[in-house]
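Any read-out appearing in this document is the output of simple, stated calculations on the displayed coordinates, not a laboratory observation. A quick note: this is a predicted structure, and the numbers were derived from the prediction, not measured. Neighbour counts are summed over all protein chains in view; Cβ atoms, including those assigned to glycine, are modelled from backbone coordinates with ideal geometry.
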Amino acid sequence: MMTIPTIPYLPALTAENAGELLPTEGLALQLQQINWNEFPHKPEVDVYLGHCGHSLFLHYVVRKDYVRAVNRNDQEPVYEDSCVEFFLQENENYRNFEFNALGVCLSAVGAKRKSRRRLQTEELALIRRNASLHPDALPPEDVLSDWNLTVEIPFSMIGLERGKSFRGNFYKCGDETLIPHFVSWAPIKTLKPDFHRPEFFAELSIA
């Protein structure tokens, strides 16, 4: 029987120390799943997770990536850039949180892909982000580079709490990067790249 990954409770966790604390004390997941053979490119990606009791923290560490960060405003198509993503099931709905290497966010909620509500500005403002890259000092798009991103999402936004389990998945993509790629944590069994498939989410628990 497969062990359900557990996101640890780290009471000292804050937005300021998450980048240092999570790689040593958080739940570590590797994004290594190549679901579509025509897109074999696979940057090295780890995501570290933890919570402080009222917020979920994700710290993405990306290596050997062709960095593209064209989108600069929330709700723009960040999946075209160097992008990391977190999807989770919330009752009959599912949520997508997509971030480019600058922390620009695309997010929506709904039961079906074609009928989803995009988060409003005041909701997006609740998602704290800390990116290692700066818009004025991006690496060349044709040079393999490393970057990281820390994200804090309030539990109240996503219906989570201590002791609860949920289903989700984690992704790395880049539709318009030098080498397009679509990597996931849990496998996706579709013919073409498609991350909006809650039926392939995997279970996680919250300590």
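Overview of results
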read-out	value
Only Lys, Arg (+1) and Asp, Glu (-1) charged, at Cβ; the chain dipole about Cα centre in debye	700
Share antiparallel - DSSP beta bridges, the chain, percent rounded to 5	95
Residues of segment 1-40 with amide N under 13 Å of a point placed 7 Å along Cα→Cβ from residue 162	8-13
Bins of 5 Å, starting at 0 and running to the largest distance - Cα pair percent for the chain	1, 8, 16, 21, 22, 18, 10, 3, 0, 0
Difference of contour (0.36 nm per residue) and Cα-Cα distance, residue 125 to residue 12	38.4 nm
Over 24 Å (Cα to Cα) - which of 114/189; 64/112; 114/172 fall in this group	64/112
Inter-centroid distance (Cα atoms) of segment 128-203 relative to segment 76-105, Å	6
Spin-label proximity, residue 132 to segment 158-173 - amide N less than 18 Å from point 7 Å beyond Cα toward beta carbon	171-173
Residues residue 30 and residue 76, FRET efficiency given R0 of 25 Å [Cβ-Cβ distance, rounded to 0.05]	0.35
Estimated [θ] at 222 nm from DSSP helical runs (n ≥ 4, -39500 (n - 2.57)) normalised by residues in the chain, nearest 500	-1500 deg cm²/dmol
Evaluated over segment 97-169, the Cα radius of gyration and Dmax, each in Å	15.1, 44
Cα gyration tensor, segment 1-123 - rounded (a/c under 1.5), prolate or oblate	rounded
Contour excess over end-to-end distance, with Cα ends at residue 92 and residue 117 and 0.36 nm allotted per residue	7.6 nm
